[in-house]
């Protein structure tokens with residue numbers, strides 16, 4: 001199981017064999033409330049770290065989702081098109097949104113570990 | 001300022017308000033504004049009593065009674081409005097309501113708008129409609145911005161046969177966006193297809209056309225839709241709703257977004273407004289629709305109800321990333337459109353459209369018989385057609401106006417080299433006698449030098 005890292009904007013990323021799975025944290029999913037729509041990124045799109053990758057809408061709010069790492073979108077979670085509630089049910093696993101081909105693994109140093117993220121949440 | 005009958009505040013109330021904010025007079029309240037920026041006088045006459053005001057207004061309105069027989073259209077049309085439209089839309093429950101900001105409290109308003117959306121979808125042959133926009137011009141602009149959002153591209157091709165008023169609004173709305181708007185010069189009053197083919201590539205977000213177009217010509221954009229879809233662009237058509245009683249609908253042509261002005265549906269000319277704009281699109285585009293959308297649902301007890309749906313697209317939630325800055329709609333005018341369509345029904349709309357076409361065809365034949373006048377041919381028309389005169393159209397229209405006839409819309413201000421052309425509109429309200437009078441008066445005006 002790959003290590004999980006978090007951004008201050010509450011995205012998570014898990015890297016394995018140069019591919020990064022990206023989603024939003026359980027904390028973020030809980031704060032958003034019932035997710036109604038996930039605007040998935042286009043396949044092949046390249047993003048820089050912390051740039052807008054996707055967008056998410058819930059009954060309460062609409063938010064952008066930022067790329068935790070730079071890379072190219074190689075897969076999107078199409079299951080979310082018809083069942084966006086997966087994000088609420090399993091934010092940090094089945095609720096993943098996209099796979100990125102990682103451009104620079106050193107960028108992980110700009111992110112928080114699970115322990116650091118949990119400490120960070122206490123400060124909010 | 002307290003001697004007017006119409007000032008809502010008494011001197012005591014004004015004194016109380018001034019004391020709360022700690023100034024001694026209204027004059028002191030405005031003192032921080034430099035005196036050179038303040039109006040010395042508003043040049044207002046002294047106040048009038050109620051009956052004096054009434055008499056004054058009647059005298060002004062009397063000037064309107066000398067209204068000429070209208071053969072001018074160009075986007076605003078003189079159609080019959082059944083009395084039920086005024087009666088129902090004038091009910092206080094509808095008349096005083098604004099766009100619902102606490103929407104679910106206003107089930108009646110939401111139901112009316114839901115039914116309006118249903119009517120617009122049926123009329124245009126498309127899947128989804130919003131609760132209305134300001135007018136036809138802003139609807140064109142919103143549809144162009146939809147195409148930009150959907151495709152991620154930044155070029156819009158616009159047929160020069162689209163109303164010059166809509167094109168101007170489009171340019172104004174998109175002025176500060178990084179967008180190329182390319183206009184295609186009309187060819188004989190129709191879309192120049194070879195020029196469009198030359199310009200169309202995978203950098204184009206959308207193509208805006210109009211049916212019938214500003215010259216009155218009817219077109220079938222079915223093949224064009226396929227050509228446009230092949231490069232991944234959207235086809236947007238601005239349509240005249242009454243004409244849809246007999247013409248192929250945007251949906252049948254493969255149009256992605258249909259827009260238009262709703263004035264012709266139960267709304268008076270009123271010197272140019274207010275009106276409403278409509279926008280309908282294929283279901284796949286719904287998340288990029290601007291404005292309010294009403295949806296049908298059930299409440300906790302399973303009863304049918306209505307909500308404002310998909311609000312996450314809107315400005316109050318998505319801020320600067322919203323699909324549009326419109327957080328409103330033209331509820332009352334759209335309601336009139338709904339009542340109009342519900343009253344005349346599907347067959348009624350078809351009959352109304354045919355009546356317009358038939359009367360316009362009669363007028364076309366009468367005007368074509370006037371010496372020196374030719375009618376633009378090459379495409380079928382609905383209730384508008386372009387005629388070429390042997391003299392400047394502005395002058396001819398001015399002379400006919402003196403005879404009580406508003407003969408048409410001169411094209412010289414809108415198209416280069418079109419100074420002798422005008423567009424004539426004939427709705428169901430024009431009688432055979434009025435059409436004959438137009439032809440006779442035109443012949444007389446043209447024959448005298």
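Counting only strands (runs of 3 or more DSSP E) that sit wholly inside region A:1-82, those with at least 3 residues that are within 14 Å of chain B (Cβ to nearest Cβ) and under 13 Å from the mean Cα position of the chain (by Cα) are A:52-58, A:62-66. Scanning for something in a loop (DSSP other than H, G, I, E, B), more than 14 Å from chain B (Cβ to nearest Cβ), free of Cβ contacts under 8 Å to residues at least 60 places away in the same chain and under 21 Å from residue B:318 (Cβ atoms), does region A:89-100 turn up at least one residue? Within region A:89-100, none of the residues are in a loop (DSSP other than H, G, I, E, B), more than 14 Å from chain B (Cβ to nearest Cβ), free of Cβ contacts under 8 Å to residues at least 60 places away in the same chain and under 21 Å from residue B:318 (Cβ atoms).
Between B:397, B:387, the distinction of being assigned by TED's automatic domain parsing to the domain that holds residue B:74, at pLDDT 95 or above, touching a strand residue (DSSP E or B) at 6+ places or on another chain (Cβ under 8 Å) and outside any helix (DSSP H, G or I) belongs to B:387 only.
Against the conditions (1) closer than 21 Å to residue B:213 by Cα; (2) assigned to a helix (DSSP H, G or I); (3) under 27 Å from the mean Cα position of the chain (by Cα), residue B:348 satisfies every one except (1). May I ask you to verify whether residue B:188 is assigned by TED's automatic domain parsing to the domain that holds residue B:249, surrounded by fewer than 24 Cβ atoms within 10 Å (Cβ to Cβ) and either modelled with pLDDT under 95 or more than 29 Å from residue B:275 (Cα to Cα) (or both)? Spelling it out, residue B:188 is indeed assigned by TED's automatic domain parsing to the domain that holds residue B:249, surrounded by fewer than 24 Cβ atoms within 10 Å (Cβ to Cβ) and either modelled with pLDDT under 95 or more than 29 Å from residue B:275 (Cα to Cα) (or both). Inclusion of residue B:201 among residues that are under 22 Å from residue B:320 (Cβ atoms), assigned to a loop (DSSP other than H, G, I, E, B) and not assigned by TED's automatic domain parsing to the domain that holds residue B:416 is not warranted.
Among the residues of region B:222-258, those identified as in a loop (DSSP other than H, G, I, E, B) and either within 22 Å of the chain's Cα centre (by Cα) or crowded, with 24+ Cβ neighbours inside 10 Å (or both) are B:233, B:240, B:246, B:247, B:248, B:249, B:255, B:256. Scoring residue B:405 on the criteria (1) surrounded by fewer than 23 Cβ atoms within 10 Å (Cβ to Cβ); (2) closer than 25 Å to residue B:135 by Cβ leaves a single failure, condition (2).
The values are calculated or read from the model by the stated rules, or taken from the named source; none is laboratory data. None of the values given here were measured: they were computed from a predicted structure. With ideal geometry, Cβ positions are generated from the backbone for all residues, glycine too; neighbour counts draw on all protein chains shown.
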